[in-house]
Amino acid sequence: MAMCVRVERVPSPALPYDSERRVISVPDCLSPQLTVIAVRAILDELAIPQPEFGAVCFCGTPIGVSEELIPPQRLTDEVIHIGA
């Protein structure tokens, strides 16, 4: 029975997947969207079928992107008008 994988953000991943630790390593500079794409690509290379959206582990559990990876919103006084 396969255990769930963890996603680890590191400055420079040596291996995309460590099978002993069951850890997927992605560069820490990736946005949340690119992190999901990278995780999906690694799981796809490991022959783990992926749904249309998101990423799932070996066991089928969704792999989410941690809230800490979501950049804070930038606030500005600039007003943008769209349309006529």
Practice task
Output the qualifying pairs, or none if there are none: Cβ atoms under 7 angstrom, residues six or more apart or on different chains, first residue in region 1-28 and of a type in the set (A, V, I, L, M) and open to solvent by 40 Å² or more (accessible area, probe 1.4 Å), second residue at pLDDT 90 or above and in a strand (DSSP E or B).
Solution key: VAL7/ILE24; VAL7/VAL26; LEU15/SER25
Completion exercise
Checked region 29-62 for anything in contact with a Gly (Cβ under 9 Å, 6 or more places away or on another chain) and open to solvent by 40 Å² or more (accessible area, probe 1.4 Å); matches are ARG40, PRO62
Fill in the blank from the handout: Exception for SER19 within (1) over 15 Å from the mean Cα position of the chain (by Cα); (2) of a type in the set (S, T, N, Q); (3) at pLDDT below 85 falls at (3)
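The values are calculated or read from the model by the stated rules, or taken from the named source; none is laboratory data. Bear in mind that the values here come from a model prediction, so they are computed numbers and not experimental data. Positions of Cβ are generated from backbone atoms using ideal geometry, with glycine treated the same way; all protein chains shown enter the neighbour counts. Note: areas computed on protein heavy atoms with side chains; ligands, DNA, RNA excluded. Shrake-Rupley method; radii C 1.70, N 1.55, O 1.52, S 1.80 Å.
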